[in-house]
1. In square angstrom, what is the accessible area per residue of region 132-253 with a 1.4 angstrom probe?
2. So what J values fall out for region 273-279 if you push phi through Karplus, 6.51 cos²θ - 1.76 cosθ + 1.60 with θ = phi - 60°, rounded to Hz, Gly and Pro as x?
3. Suppose R0 equals 56 Å. What FRET efficiency, 1/(1 + (r/R0)^6) with r the Cβ-Cβ distance, do Tyr128 and Leu53 give to the nearest 0.05?
4. Looking at region 130-242 from every direction and averaging, what is the projected area of its Cα convex hull in nm²?
5. Could you tell me the convex hull volume per residue, in Å³, taken over the Cα atoms of region 297-357?
6. Mind giving me the nanometre distance, one decimal, between the label points for Glu222 and Glu165, set 7 Å out from Cα along Cα→Cβ?
7. Could you tell me what fraction of 2.2 N^0.38 Å the Cα radius of gyration of the chain comes to, as a two-decimal ratio?
8. Using the basic label-point model (7 angstrom from Cα toward the beta carbon), what is the Asn278 to Trp292 distance in nanometres?
Amino acid sequence: MSPASPSCSNREQPLGVTVRSRPLYVGPGTMWLLKNLLLPLLKVYYIGVKVVLEQLFGRAFAVPALPLQHGKVAIVTGGAKGIGYCTAMHLSQLGMHVILAGNKETEGIDAAKKIQERTQNNKVEFLYCDLTSMKSIRKFVQNFKAKNLKLHILVNNAGVMLVNEKKTQDGFEEHFGLNYLGHFLLTNLLMTFLKKSGTHDSNARVITVSSATHYVGELNFEDLQSSHCYSSHGAYAQSKLALVLFTYHLQHWLIAEGSHVTANVVDPGVVNTDLYMNICWAGKIVKSMIAWLCFKTPEEGAATSVYASVSPELEGVGGCYLYNGQKTKSADKSYNEDLQRKLWIESCKLTGIPVSV
């Protein structure tokens with residue numbers, strides 16, 4: 001049992017008696033809480049502040065003129081709002097057939113209609129896909145297959161951030177399950193369509209949205225579901241690191257197979273979207289005061305995703321981490337091929353697909 005904390009008293013002490021308080025005792029339990037709860041929070045906010053300051057004094061990347069993409073098909077997860085909506089809008093403007101994948105049907109159908117009206121492209125539609133359910137993901141792929149379409153672009157955009165501890169329908173921690181495992185399974189199930197659609201001169205592309213929080217993320221293979229000690233900040237950062245590792249290993253795999261498909265990961269920056277709905281009230285107040293000045297708009301946040309999806313400069317180029325339209329170095333640990341392989345194998349087991357390395 002830990003020693004009791006020193007008590008305070010306002011009583012006067014006898015003359016000549018010196019009172020020495022005992023040093024504050026920090027027990028193993030306290031250290032454990034500091035390491036597993038406070039440290040992830042501080043790391044995530046440190047990265048957030050760093051990126052916000054860079055955005056304040058820098059210039060946001062603007063999408064350059066891009067060639068039209070008539071005849072090509074794209075799937076954008078989370079395409080009904082925020083960065084995903086703006087990504088889908090731009091791809092539609094380029095003439096693509098765009099499918100918005102999401103778990104809110106009314107919202108998704110309305111978004112598809114708005115994009116159709118604004119771009120004068122009627123090949124925009126919503127298809128239900130709940131990334132917290134492997135059954136729903138498999139159903140989505142079946143429904144897509146029934147459309148007898150090719151697939152040239154997959155944008156893994158959907159995500160949640162800093163949610164309270166919650167499990168997906170399959171029992172996974174929500175950040176890890178939705179942000180990462182849902183996209184891992186979806187990408188693998190759609191790979192057949194991507195491989196058939198890519199050509200030597202025009203590769204199919206997988207674009208996965210991560211974030212700068214991956215730099216402070218830690219993969220705990222003993223507790224990937226954060227069941228022993230839940231930190232929403234730690235869980236979010238872990239899911240974003242997993243997406244980078246996944247992308248790099250996917251690219252290695254595609255090269256080994258000689259496939260005409262590339263995989264890249266993008267960092268949109270700090271963007272003013274609904275993702276911040278789960279931050280504390282104090283954080284919401286601060287955000288409301290500074291977002292107009294320091295945060296990117298959803299259109300600016302989507303710019304690198306659009307660029308990675310169709311830019312001629314990235315034709316045949318994969319395995320890159322892109323920020324503000326530029327190739328950027330990701331976290332050192334993300335280049336660890338043993339770590340990439342270990343996560344891939346574990347992900348195959350968790351999602352019930354054949355292990356392929």
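The values are calculated or read from the model by the stated rules, or taken from the named source; none is laboratory data. As the structure is a computational prediction, the values presented were derived from the model and not from experiment. Here Cβ is always computed from backbone atoms with ideal geometry, including for glycine, and neighbour counts include all displayed protein chains. We work out accessible area using only protein heavy atoms, side chains counted, and drop any ligands, DNA or RNA first. Shrake-Rupley method; radii C 1.70, N 1.55, O 1.52, S 1.80 Å.
1. Result: 35 Å² of accessible area for each residue.
2. For region 273-279, the Karplus curve yields 10, 6, 4, 8, 5, 9, 6 Hz.
3. Details: r = 40 Å, r/R0 = 0.71.
Once the sixth-power term is evaluated, E becomes 0.90.
4. 7.7 nm²
5. 137 Å³
6. In this crude label model, Glu222 to Glu165 measures out at 1.8 nm.
7. Cα-based Rg divided by the globular estimate yields 1.12.
8. Simple spin-label model gives 2.8 nm for this pair.
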